[in-house]
Amino acid sequence: MLLEGKLHPELKSGGQRVKANLNVGFVGNPNCGKTTLFNAYTGAKLKVANWPGVTVEKKEGAMRYHDNTFKLVDLPGTYGLSSYTMEEQLTRQYILGDEVDVIIDVADASNLERNLYLTLQLIELGKPVVLALNMMDIVTERGMEIDMHRLPEMLGIPVIPVSARHKTGLDILMHAVAHHKENKVPVTEHQHKSGDNYFKHEKYVMVYSDEIEERIDIIKAMLKKKYPDLKNTRWHAIKILENDREIREEYPLNTEGITDKKYEKAIINEKYDFIQEIIEEVMVNRNEKAALTDKVDKYLTSNIFGIPIFLGIMALVFFLTFTIGDVLKGWMEYFLSAISDKTGLLLDLAGAGTISKSLIIEGIIGGVGGILSFLPNIFILFLALAFLEDSGYMSRVAYVMDGIMGKIGLSGRAFIPMLLGFGCTVPAVLASRALENPKDKLRTILVTPFMSCSARLPIYVMFSHLFFGNFAMLAAFSMYVLGIVIAILAAYIMKKISKESNTGNLLIELPEYKKPNKRTISIYVWEKVKDYITRAGTTIFVASVIIWALLNFGPSGYTKEMSESFGSYIGKFITPIFKPTGLGQWQVVLSLISGIAAKEVVVSSITVLCQGNVSGVLTAMGFGPLNAYALMAFCLLYVPCAASIVIIRKETNSAKWTLVSVMMQLSVAYIVATIIYQVGSLVL
Amino acid sequence: MNLSQGVRDNSYKIINIEMPENIERRLQTLGITEGSIVELLNIKKNGTLILKVRGSRFAVGGKIASGIKIRRAEGES
């Protein structure tokens with residue numbers, strides 16, 4: 001509340017660079033509330049781009065602070081600054097570059113011990129650092145206290161308690177940033193227990209034992225001689241002593257006899273020793289109250305209840321998506337049909353011709369509007385996924401599912417991209433990068449598209465309502481189960497073929513459970529909903545217009561006779577191939593083809609193709625519930641959308657594997673739909 | 001003994017980590033280092049476990065866990 005009025009978040013979007021007096025980088029561990037804090041300053045007005053060369057998101061925002069403009073950059077969550085993960089490399093390169101003036105190190109105060117490891121490394125980098133102690137409310141809740149006088153004394157940097165959730169301390173934090181922009185050597189008042197060489201190096205926050213300090217000095221001297229322009233030689237010397245791959249390659253030195261494996265470990269251990277000293281001095285009433293998280297985890301990660309609880313949660317998510325979503329969808333449809341009627345009247349008044357009226361009402365409003373009516377369902381689904389992620393439950397799923405995933409040769413962590421696949425295939429494929437093993441990653445990318453994404457939901461909702469009456473929800477839910485079964489089966493077959501299995505390598509933090517943050521969730525959901533609407537306005541708009549044109553024009557020009565249109569000729573030409581799948585209606589075939597652009601297009605196309613009366617037109621062609629079920633299964637399994645092909649190409653970096661992926665999706669969809677239709681025809 | 005042979009709700013001290021360099025580095029960054037005390041919160045039949053170290057919880061796969069050599073830590077915290 002303090003923020004409002006004084007600090008106006010302001011971002012000039014549209015790609016132009018904001019005029020900034022100060023560049024502020026947000027760095028912190030994953031799950032420390034860094035993004036929540038960042039969002040508290042910038043709101044949803046973000047410029048989201050990718051870091052150069054990689055597909056990790058780079059979020060930028062800007063704000064006014066008195067007469068200054070601060071450009072804020074949210075860096076990827078990272079535990080350290082070594083060169084072993086992409087997040088660590090990115091953060092390090094960004095800070096070492098000249099782009100950033102002040103670093104806000106966001107630390108989870110309730111988990112200070114581990115968070116300080118990154119803090120010490122940031123201080124060593126030599127840029128001005130301000131420590132934002134987040135989640136102080138949780139610290140207080142647990143009956144702990146942090147000595148806010150002693151902590152900055154020991155670290156030599158400003159320490160500001162904040163609560164990203166309650167938006168407190170935000171003003172003071174930026175005040176500290178504005179006054180700490182000068183690159184001063186931190187002043188500390190602390191004598192290290194380890195090492196008695198501190199007189200020589202007392203100006204440093206992190207002082208190592210004599211043996212190490214001597215070696216740092218030697219390497220520093222060598223660096224200064226060989227690379228006179230190098231800034232912050234101490235940090236580079238420490239990294240060389242740590243045997244950091246990147247720095248050693250960049251600044252080759254002959255350090256034979258100076259570096260040794262044992263110093264690598266000692267540097268890390270001495271940092272943790274110092275952190276231990278800090279914790280002992282500044283933390284009061286530690287571990288007084290057992291964390292709620294452990295109690296909750298007794299059930300949620302239990303060997304017996306873990307899986308049933310997970311399945312229950314997922315069932316609830318889909319139940320809500322369908323029930324609440326459908327009620328809202330009714331309103332949306334009412335609203336859209338009102339728009340359609342009003343537009344029709346307006347067009348008549350304006351004296352619009354038949355062709356333009358047909359294009360606007362049937363092509364554009366029919367197609368795009370058909371997609372927009374599913375927005376409520378999508379909204380609920382993403383809301384649920386955001387809730388699971390922000391509460392801290394998502395990473396537990398990796399642990400809970402590790403056993404089952406192990407049987408199909410994948411790590412439990414691979415289940416997270418698969419779960420995200422329920423939302424959208426594109427970010428799900430991106431999330432597979434968290435898997436270290438390249439073969440694991442590839443297999444996860446190949447099976448993730450089988451998970452039923454939200455764009456497929458409109459198809460299930462439409463066809464299950466039209467053909468399954470009271471069993472509509474069951475029919476739609478069965479698609480999600482079928483998707484999981486096919487994904488697991490595919491992974492199992494791949495494991496059998498490659499004879500390789502990479503299990504037992506799970507390594508993931510299980511953060512404290514927390515009450516999901518309203519702002520974080522609304523921003524997450526808004527981004528997804530915005531995506532959906534944007535797609536409706538672009539891809540689906542274009543696809544709807546093309547489909548409309550294909551249907552209303554034939555060899556003899558504009559025609560009202562659909563069977564004379566180009567569309568029907570194309571559909572009829574391919575239709576024989578789809579006969580065995582029960583999808584031998586040219587309208588269906590044509591909408592399936594158009595669905596490669598984006599899955600929702602199947603719905604908009606079929607609506608346009610049947611001129612709004614989908615069940616009437618299809619039923620008249622002998623299309624019944626069995627055909628509808630085969631259609632739903634086919635839509636579940638074939639190529640999710642053009643964007644998914646692009647992202648798979650990017651992530652696998654291989655045209656061959658992209659082709660394998662597309663061919664696999666098409667053939668699996670064809671085979672499964674055929675089995676459903678043929679077996680169904682025999683039984684029913 | 002190694003961590004995958006540990007018993008639930010017990011505390012152990014890490015005496016050695018025998019893992020490929022990249023995994024060892026990642027463990028170190030997370031605070032799972034030689035000499036640190038870990039509490040075993042849960043363990044599955046396949047060896048995957050949840051441990052608490054320096055106030056954070058991690059899920060660790062069986063293969064990594066078997067590379068973490070430990071001994072019982074009594075009276076230490």
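The values are calculated or read from the model by the stated rules, or taken from the named source; none is laboratory data. What you see is a predicted model, and the numbers here were worked out from it, not measured in a lab. As a convention, Cβ positions derive from the backbone with ideal geometry for all residues, glycine included, and neighbour counts pool all protein chains shown.
Name the residues in the range A:614-647 that are assigned to a loop (DSSP other than H, G, I, E, B) and within 25 Å of A:MET562 (Cα to Cα), would you?
Answer for the range A:614-647, where residues must be assigned to a loop (DSSP other than H, G, I, E, B) and within 25 Å of A:MET562 (Cα to Cα): A:MET621, A:GLY622, A:PHE623, A:GLY624.
Could you say which residue among A:ILE218, A:ILE172, A:ILE160 is over 27 Å from A:LEU112 (Cα atoms) and at pLDDT 85 or above?
Only one candidate qualifies: A:ILE218.
Of everything in the range A:388-428, what is within 18 Å of A:LYS439 (Cβ to Cβ) and not in a helix (DSSP H, G or I)? Give them in sequence order.
Of everything in the range A:388-428, those that are within 18 Å of A:LYS439 (Cβ to Cβ) and not in a helix (DSSP H, G or I) turn out to be A:ILE408, A:GLY409, A:LEU410, A:SER411.
Is it the case that the range A:135-153 has a residue that's β-branched (Val, Ile, Thr) and part of a strand (DSSP E or B)?
yes
Mind listing whichever residues of the range B:41-61 are within 15 Å of B:ASN2 (Cβ to Cβ), facing chain A (nearest Cβ under 7 Å) and within 11 Å of the chain's Cα centre (by Cα)?
B:THR48, B:VAL60, B:GLY61
Quick one: which residue in A:SER391, A:SER395 is at negative phi and within 14 Å of another protein chain (Cβ to nearest Cβ)?
A:SER395
Please go through the range A:64-108 and give me each residue that is without any contact (Cβ under 8 Å) to a residue 60 or more places away in the chain and touching a Pro at 6+ places or on another chain (Cβ under 7 Å), ordered by number.
A:GLY77, A:GLU87, A:LEU90
It is to be established whether one or more residues within the range A:349-372 are hydroxyl-bearing (Ser, Thr, Tyr), over 29 Å from A:LEU328 (Cβ atoms) and either within 13 Å of chain B (Cβ to nearest Cβ) or within 14 Å of the chain's Cα centre (by Cα) (or both).
no
Being within 23 Å of A:CYS32 (Cα to Cα) and more than 14 Å from chain B (Cβ to nearest Cβ) narrows it down to one residue among A:LEU385, A:LEU375, A:LEU381; which is it?
A:LEU385
For the range B:62-77: of the residues being more than 10 Å from chain A (Cβ to nearest Cβ) and modelled with pLDDT of 90 or more, which is nearest to the chain's Cα centre (by Cα)?
Out of the qualifying residues, it is B:ILE68.
Could you please give the count of residues in the range A:590-604 that are of a type in the set (A, V, I, L, M, F, W, C) and either surrounded by fewer than 22 Cβ atoms within 10 Å (Cβ to Cβ) or part of a loop (DSSP other than H, G, I, E, B) (or both)?
Summing the residues that are of a type in the set (A, V, I, L, M, F, W, C) and either surrounded by fewer than 22 Cβ atoms within 10 Å (Cβ to Cβ) or part of a loop (DSSP other than H, G, I, E, B) (or both) in the range A:590-604 gives 3.
Here is a yes/no grid of residues against (1) surrounded by fewer than 19 Cβ atoms within 10 Å (Cβ to Cβ); (2) more than 20 Å from A:LEU316 (Cβ to Cβ):
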position	(1), (2)
A:SER452	no, no
A:ALA455	no, yes
A:TYR460	no, no
A:LYS495	yes, yes
A:LYS499	yes, yes
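Of the conditions (1) out of contact with any Cys (no Cβ under 8 Å at 6 or more places or on another chain); (2) away from chain B (no Cβ under 14 Å); (3) surrounded by 14 or more Cβ atoms within 10 Å (Cβ to Cβ), A:THR538 clears all except one; give me its number.
(3)
List the number of the failed condition for A:GLU88; all other conditions in (1) crowded, with 24+ Cβ neighbours inside 10 Å; (2) acidic (Asp, Glu); (3) within 14 Å of chain B (Cβ to nearest Cβ) hold.
So the condition that A:GLU88 fails would be (1).
I'd like to verify a number: residues in the range A:552-570 that are at pLDDT 80 or above and either of a type outside the set (Ser, Thr, Tyr) or part of a helix (DSSP H, G or I) (or both), how many?
Residues meeting the conditions: 11.
Which one of A:LEU122, A:LEU155, A:LEU131 is surrounded by 20 or more Cβ atoms within 10 Å (Cβ to Cβ), over 33 Å from the mean Cα position of the chain (by Cα) and either assigned by TED's automatic domain parsing to the domain that holds A:GLY43 or polar (S, T, N, Q) (or both)?
Exactly one of A:LEU122, A:LEU155, A:LEU131 is surrounded by 20 or more Cβ atoms within 10 Å (Cβ to Cβ), over 33 Å from the mean Cα position of the chain (by Cα) and either assigned by TED's automatic domain parsing to the domain that holds A:GLY43 or polar (S, T, N, Q) (or both), namely A:LEU155.
Would you be able to say whether some residue in the range A:361-378 is within 23 Å of A:ILE459 (Cα to Cα), among the acidic types (Asp, Glu) and part of a helix (DSSP H, G or I)?
yes
Please verify whether A:GLN611 is polar (S, T, N, Q) and not in a helix (DSSP H, G or I), treating the condition exactly as stated.
yes
Being buried (at least 17 other Cβ atoms within 10 Å of the Cβ), more than 7 Å from chain A (Cβ to nearest Cβ) and more than 14 Å from A:ARG114 (Cα to Cα) is the filter here, so list the residues in the range B:20-40 that pass it.
B:ILE23, B:GLU24, B:GLU39, B:LEU40
Considering every residue within the range A:335-346, establish whether at least one is crowded, with 19+ Cβ neighbours inside 10 Å and of a type in the set (A, V, I, L, M, F, W, C).
No, the range A:335-346 contains no residue that is crowded, with 19+ Cβ neighbours inside 10 Å and of a type in the set (A, V, I, L, M, F, W, C).
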